[in-house]
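The values are calculated or read from the model by the stated rules, or taken from the named source; none is laboratory data. Since the structure is predicted, the reported quantities are computational estimates derived from the model, not experimental observations. Here the Cβ is made from the backbone with ideal geometry for all residues, glycine too, and neighbour counts use every protein chain on show. Only protein heavy atoms, including side chains, enter the accessible area calculation; ligands, DNA and RNA are left aside. Shrake-Rupley method; radii C 1.70, N 1.55, O 1.52, S 1.80 Å.
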Amino acid sequence: MSLIKSISGIRGTIGGTVGNNFTPIDIVKFTTAFATFIQQTQNKERIKIVVGRDARISGEMVNHLVVGTLMGCGVDVIDGGLSTTPTIEMAVKHTDADGGIILTASHNPKQWNALKLLNHKGEFLNAADGERVLQLAECSETKFPGIDRIGSYKQENSFIDMHIQKILALPLVDVEAIKAMDFKVAIDCINSTGGIAVPALLKALGVTQIEELYCDPTGDFQHNPEPLPENLYAISEKVVKSQADIGFIVDPDVDRLAVVMEDGNFFGEEYTLVTVADYILSHTKGNTVSNLSSTRALRVVTEQHGGIYNASAVGEVNVVEKMKETQAVIGGEGNGGIIYPELHYGRDALVGIALILSYLAKNKETCSQLRDRYPNFYISKNKIELSQEINVDLLLEKIQERYQQYPISTIDGVKIDFENEWVHLRKSNTEPIIRIYVESDAMTTAEYLANQILNDMRESIKSNY
């Protein structure tokens, strides 16, 4: 598997050959480039960078390489150890650091790892900054400091506690209401750092009945780590057998949150953000943002509260930029990613847990009753694999022409808005694939429309190639 280089960082599989996989040489190369970038943008030689990691098996090895390289670049390192992505994002600001690196491949399987790169605000690099890091990685003229100017190293084990305390201090997190409900909560933390952070958060919120599943941070993932229903049958069974009020599932770096209802059914990953937004907007008037591939339900809820919904290109950094532009009070992505700027500008499963429990406690509702508040939309996800000679951009243009009578957005691929459905077509940056997302109020309709778009593409390919 080739290295994947994007605005969210550098990721790949462990082992293999230099330049094609996530090898020690590549780790050192991109870590050096990032250190150089931060030194240049902060306009100072002595900088401070926070490092943290999820619990995947390669994490300790990658950590040694990253920390040693940073020190060799003259960087003072604060090592947060086993942590979460949102925790390290907050730690960058908490320590007045100049940047951060999170060692995690997020929802990817155990053979993957990655460098997620943060600026001095604790936010992911934008496209221009990410491109600059890639350019620096190809430069062979880096000059490293001598012995008297190598960086220092400090371990810091308090970041998760800091994160939890800041969540507890949020006005809309109602600890007393949660305590009074005496919830029984089941959790699946995929044997990563959620197993450290989620139980600690629940205990701080006054939850005494916690049913733990895969909470040992060994990196031995017991199922596919992406928090999708097909991977979560064990937690569903756990919720029913233990008669839990709710089940929470996080991915390995704890920036995505999925929910299981008390009856064992899945809440729907798209509705994690919708629910939190509903709660926030019922107390704070304002706007919302999600990406173009997220459910229309967020628009419905936002407009019910008198706010304005806006869509961004896919990618956390794009959502954050649009949130700042529109002064959104809540935003995120339909994969269970919640961004609550009252806390910080990053996807954060921990704050999502606290806000959902607060909402349930205040309304004295079951999880399924809460889900019934929202309109049902269904997303069909498909893709078409193309041969190398096909011009993907031209193919998207042909589809755009075919549906030009409908509202179309081209800020990220092609999104077509029909009266009751939408279609979003996005090309892959790493392979000749177009991903096709279709949403409707019935899955049969979404799948029918997806097949229609697929047939349109095949016809266009047949006519032009």
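Summary of computed values
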read-out	value
Length gained when the stretch residue 154-residue 209 is fully extended (0.36 nm per residue, less Cα-Cα span)	16.2 nm
Against the rule of thumb 2.2 N^0.38 Å, how large the Cα Rg of segment 313-407 comes out	1.53
Whether the chain is rounded, prolate or oblate, judged on the alpha carbon gyration tensor where a/c under 1.5 counts as rounded	oblate
Residue-level accessible surface for residue 262, protein heavy atoms, 1.4 Å, Å²	60 Å²
Size of electric dipole in the chain: Cβ of Lys, Arg +1 and of Asp, Glu -1, about Cα centre, debye, nearest 20	640 debye
Sparse-neighbourhood loop sites, trypsin sites (Lys or Arg not before Pro) in segment 214-302 - DSSP loop, at most 16 other Cβ within 10 angstrom	285
Of 93/324; 5/398; 93/179, pairs whose Cα-Cα distance is over 21 Å	5/398; 93/179
Solvent-accessible heavy-atom area per residue, rounded to whole Å², over segment 236-323 at 1.4 Å	30 Å²
Per residue accessible area of segment 156-235, 1.4 Å probe, in Å²	40 Å²
Förster radius 35 Å - calculated FRET efficiency between residue 176 and residue 128, Cβ distance, rounded to 0.05	0.15
Distance between segment 27-65 and segment 395-465 - C-alpha centres, whole angstrom	39 Å
DSSP bridge orientation in segment 255-392 - percent antiparallel, rounded to nearest 5	40 percent
Accessible area in square angstrom per residue, segment 417-465, 1.4 angstrom probe	53 Å²
Which of 96, 174, 26, 216 is most accessible, then next, and so on - probe 1.4 Å	96, 216, 174, 26
Among 332, 307, 273 the positive-end extreme of the charge dipole of segment 247-369 (Cβ point charges)	307
Stokes-Einstein diffusion coefficient of segment 112-159, Kirkwood radius over Cα pairs, 25 °C, 0.890 mPa s, in µm²/s	175 µm²/s
Environment charge of residue 52, counting only residues whose C-beta is closer than 10 Å and scoring Lys/Arg +1, Asp/Glu -1	-3
Sum of side-chain charges, residue 324 neighbourhood, beta-carbon under 13 Å (Lys, Arg +1; Asp, Glu -1)	-2
Per-selection Rg to Rh, segment 329-465 - Cα, Kirkwood hydrodynamic radius	1.08
Cα shape, segment 48-116, gyration tensor, a/c 1.5 rule	oblate
Loop GluC sites (Glu not before Pro), segment 369-465, which have at most 10 other Cβ atoms in a 10 Å radius of their Cβ (DSSP)	389, 419
The chain: antiparallel DSSP beta bridges as a percent of all, rounded to 5	55 percent
Whole-percent carbon and sulfur share, accessible surface of the chain, 1.4 Å	46 percent
C-alpha center-to-center spacing [segment 226-291, segment 370-384] in angstrom	13 Å
Selected from 444, 234, 284, residue furthest toward positive end of dipole (the chain; charges at beta carbon)	284
Net charge of neighbours whose Cβ lies under 12 Å from the Cβ of residue 421, counting Lys and Arg as +1 and Asp and Glu as -1	-3
Farthest positive-ward along the chain dipole, Cα basis, beta-carbon charges - from 254, 424, 461	254
Entries in 184/362; 121/143; 121/322 that, when Cα-Cα distance is taken, lie over 24 Å	121/143
Tensor-based shape of segment 34-156 (alpha-carbon gyration tensor, a/c under 1.5 rounded, otherwise prolate or oblate)	rounded
